[in-house]
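One structure is given below, encoded as structure tokens.
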Amino acid sequence: MSTLDVSAHTSAPDKITKVTRAGAIGNFIEFYDFTLYGFFAVTIATLFFPQFDSVAALLSTFALFGVAFVIRPIGAVVFGHVGDRWGRKRALMIAVLLMSAATAAIGVLPTYAAVGVAAPTLLLVCRLLQGFSAGGEQSGAFVLVVEQSAIGERGRNASKLVVSIVAGVCCAALVVLVVSALTTDQQMAQWGWRLPFLLSAPLGVLGFYLRMSIEDSHDFTAARANSEPGTPAPLAQAFRTVRRQMCTLLGWVAMQSVAGYILVGFMMSYLVKFQNYLMSTALTIVVVGHLVGIGLIVGIGRWADRIQRKTLAVSLAAALAIAVVPAFILLRHGVVAATIGISLYATTAYSLLIVSALAVVELFPVEVRYSASALPFQISYAVFGGAAPFVSTWLVAEVSTIAPAYALVLFGILGIVVAAIAIPNLPRPTDGTDGTVADCEPGAGTTIHAN
């Protein structure tokens, strides 16, 4: 048996718009920040690891990318506890400030030529702070928004959060493209690469302001008001009551994180170093491909509100398994083909997040929702997503340029199995209702049980 939470209250359009905007800004900043690191991996490798040959330096850069993910589960525990005890709003306000500050700090770091081994050490500290804050960001934003969405609008609103992630990637690429166009190669290596990182500072202030202006959901405030003194920590409660659901989310996010972080953390280096595109050309391919994906993701979000959850999840995992090898093959055949390949890959990879956004609310009861979703999310990111760029670089160097795609096929099959076995369907609202919990069968209440 699995507990499927269907609590939802129809929100006024202006309220859910504010909440969605506040959730989206953090996702935007997180993926802007992490995408910059992936885009500048070759530059960072040269400036912070000059003692190695080019491939070894790139592997060292991606190793730092992966190490930052190790601390994400710790951030998940901390921010999950804050979010379940004192509010989603408070946890997410702290997360967005810390994340943007750590990214801006990368923009002022001295290089290896200036301070020697202290340079990669300081870079590691910034990456760890990024990882810690990100541990509470993405799943927390999903909880914030989907928790306050009417059942019939959850897929649509979840897709808006996914679009904010894609927009963060696009914005990072556009900023890098503009800076590349306005600077020479020498200027880019000296100071141009720093500017995109420094832009995270005002973005963080904006995110803090947007989150300060919202309120937590009715469900959360009611649950907190009814909680008894001496109640065990939310994570302890989650391990006792929803272990199976946590494992389900972990398995799904394993697939999602590998697909996403190969795209975000590895693809630019792959296009430049292994497919021999110019940096500006590769950036254009990535931006146009992602922009095409945005429209398709919005459509998938609307579709998600019209079909059963299990059908949605199986379909999207199967789409990844089917599409990823052709997408990688297209990357070899010129700019137009590569752009189509990125569009295909980006759409299938990012759409998986719609299922994740729905699952964090529908798998877990409100009183443990942040903690129960954040930890499996970030364990999957730490074990699978963080290693994806490093492993992909190794696979391309040692096996073949198409090897990462075949690995993704295996993860797509994993997603199909998880979806078919463990992702439950939402009960259908009765005819003529608005899809809120009082109208769902069986009966009213905050949870239902489904096989």
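Do we find that residue 34 is buried (at least 23 other Cβ atoms within 10 Å of the Cβ) and at pLDDT below 70 in this structure? Talk me through it step by step, then tell me what you get.
Working: buried (at least 23 other Cβ atoms within 10 Å of the Cβ): yes; at pLDDT below 70: no.
No, not satisfied.
Might you let me know whether segment 316-328 holds any residue that is closer than 17 Å to residue 250 by Cα and either buried (at least 19 other Cβ atoms within 10 Å of the Cβ) or not small (Gly, Ala, Ser) (or both)?
Checking segment 316-328: at least one residue is closer than 17 Å to residue 250 by Cα and either buried (at least 19 other Cβ atoms within 10 Å of the Cβ) or not small (Gly, Ala, Ser) (or both).
Which residue pairs have Cβ atoms closer than 8 Å, lie 6 or more positions apart in sequence or on different chains, and pair a first residue in segment 331-349 that is in a loop (DSSP other than H, G, I, E, B) with a second residue that is polar (S, T, N, Q)?
What qualifies is 331/275; 332/275; 332/401.
Do we find a residue being touching a residue at least 12 places away in the same chain (Cβ under 8 Å), closer than 20 Å to residue 42 by Cα and part of a loop (DSSP other than H, G, I, E, B) anywhere in segment 263-274?
Yes, that holds for at least one residue.
Say whether the condition of being over 20 Å from the mean Cα position of the chain (by Cα) and in a helix (DSSP H, G or I) is met by at least one residue in segment 225-233.
From segment 225-233, those over 20 Å from the mean Cα position of the chain (by Cα) are 225-233; that's our starting set.
Retained after the next criterion (residues that are in a helix (DSSP H, G or I)): 225-226.
Checking segment 225-233: at least one residue is over 20 Å from the mean Cα position of the chain (by Cα) and in a helix (DSSP H, G or I).
What's the number of the condition residue 137 fails, among (1) free of Cβ contacts under 8 Å to residues at least 24 places away in the same chain; (2) under 27 Å from residue 375 (Cβ atoms); (3) touching a helix residue (DSSP H, G or I) at 6+ places or on another chain (Cβ under 7 Å)?
Every listed condition holds for residue 137 apart from (1).
Kindly check whether there is at least one residue in segment 340-354 that is closer than 22 Å to residue 81 by Cβ, surrounded by fewer than 23 Cβ atoms within 10 Å (Cβ to Cβ) and not small (Gly, Ala, Ser).
Within segment 340-354, the first condition is being closer than 22 Å to residue 81 by Cβ, and the residues that meet it are none.
The answer is no, given that none of the residues of segment 340-354 is closer than 22 Å to residue 81 by Cβ, surrounded by fewer than 23 Cβ atoms within 10 Å (Cβ to Cβ) and not small (Gly, Ala, Ser).
Here are some residues: 169, 178, 242. Which one is in contact (Cβ under 8 Å) with a residue 24 or more places away in the chain, over 17 Å from residue 374 (Cβ atoms) and either within 25 Å of the chain's Cα centre (by Cα) or surrounded by fewer than 17 Cβ atoms within 10 Å (Cβ to Cβ) (or both)?
Residue meeting the stated conditions: 169.
Which condition number in (1) surrounded by fewer than 23 Cβ atoms within 10 Å (Cβ to Cβ); (2) of a type outside the set (A, V, I, L, M, F, W, C); (3) more than 30 Å from residue 338 (Cβ to Cβ); (4) modelled with pLDDT of 90 or more is the one that residue 207 fails?
Residue 207 satisfies every listed condition except (1).
Criterion first (more than 28 Å from residue 230 (Cβ to Cβ), part of a helix (DSSP H, G or I), over 20 Å from the mean Cα position of the chain (by Cα) and not aromatic (Phe, Trp, Tyr)) does residue 113 satisfy it?
yes
Residues are listed down the side, and each one gets a yes or a no for (1) modelled with pLDDT of 85 or more; (2) more than 24 Å from residue 317 (Cα to Cα); (3) surrounded by 19 or more Cβ atoms within 10 Å (Cβ to Cβ):
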site	(1), (2), (3)
371	yes, yes, yes
378	yes, no, yes
408	yes, no, yes
414	yes, no, no
418	yes, no, yes
424	yes, no, yes
441	no, yes, no
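With the condition kept exactly as written, say whether any residue in segment 358-376 is out of contact with any Gly (no Cβ under 7 Å at 6 or more places or on another chain) and at positive phi.
Looking for residues that are out of contact with any Gly (no Cβ under 7 Å at 6 or more places or on another chain) and at positive phi, one finds none in segment 358-376, hence no.
Any residue at all in segment 99-113 that's out of contact with any helix residue (DSSP H, G or I) (no Cβ under 7 Å at 6 or more places or on another chain), of a type in the set (Gly, Ala, Ser) and without any contact (Cβ under 8 Å) to a residue 24 or more places away in the chain?
Checked segment 99-113: no residue is out of contact with any helix residue (DSSP H, G or I) (no Cβ under 7 Å at 6 or more places or on another chain), of a type in the set (Gly, Ala, Ser) and without any contact (Cβ under 8 Å) to a residue 24 or more places away in the chain.
Determine, yes or no, whether residue 74 is over 26 Å from residue 199 (Cα atoms), in contact with a Pro (Cβ under 9 Å, 6 or more places away or on another chain), of a type outside the set (Gly, Ala, Ser) and in contact (Cβ under 8 Å) with a residue 40 or more places away in the chain.
Criteria not met by residue 74.
Inside segment 363-392, can you point out the residues that are in a helix (DSSP H, G or I) and either under 18 Å from residue 327 (Cβ atoms) or of a type in the set (A, V, I, L, M) (or both)?
366, 368, 372, 374, 375, 379, 382, 383, 388, 389, 391, 392
Right, residue 127: under 30 Å from residue 237 (Cα atoms), in a helix (DSSP H, G or I) and out of contact with any Pro (no Cβ under 7 Å at 6 or more places or on another chain) or not?
Judged against the criteria, residue 127 is not a match.
Restrict the check to segment 190-200 and report whether at least one residue is farther than 19 Å from residue 31 by Cβ, of a type in the set (D, E, K, R), out of contact with any strand residue (DSSP E or B) (no Cβ under 6 Å at 6 or more places or on another chain) and not in a helix (DSSP H, G or I).
No, every residue in segment 190-200 fails to be farther than 19 Å from residue 31 by Cβ, of a type in the set (D, E, K, R), out of contact with any strand residue (DSSP E or B) (no Cβ under 6 Å at 6 or more places or on another chain) and not in a helix (DSSP H, G or I).
Picking from 264, 253, which residue would you name as being within 16 Å of residue 350 (Cβ to Cβ), surrounded by 18 or more Cβ atoms within 10 Å (Cβ to Cβ), modelled with pLDDT of 90 or more and out of contact with any Leu (no Cβ under 8 Å at 6 or more places or on another chain)?
On the way: 264 fails: modelled with pLDDT of 90 or more.
Criteria check complete, one pass: 253.
Within the group 138, 148, 130, which residue is within 15 Å of the chain's Cα centre (by Cα) and under 15 Å from residue 357 (Cβ atoms)? Reasoning before the result, please.
Numbers: 148 fails: within 15 Å of the chain's Cα centre (by Cα); 130 fails: under 15 Å from residue 357 (Cβ atoms).
Just one listed residue meets the conditions, 138.
Cβ contacts < 8 Å: first residue surrounded by 12 or more Cβ atoms within 10 Å (Cβ to Cβ) and of a type in the set (Phe, Trp, Tyr), restricted to segment 40-56; second residue modelled with pLDDT of 80 or more and assigned to a loop (DSSP other than H, G, I, E, B), any location; separation 6+ or different chain. Result?
Partner pairs satisfying both residue conditions: 40/193; 48/111.
Condition first: under 30 Å from residue 283 (Cβ atoms) and part of a helix (DSSP H, G or I). Can you find one or more residues in segment 234-253 that meet it?
Yes, there is a match, as at least one residue in segment 234-253 is under 30 Å from residue 283 (Cβ atoms) and part of a helix (DSSP H, G or I).
The values are calculated or read from the model by the stated rules, or taken from the named source; none is laboratory data. This is a predicted model, so every value here is computed, not measured. Every residue, glycine as well, gets a Cβ built from its backbone with ideal geometry; the counts of neighbours run over all protein chains shown.
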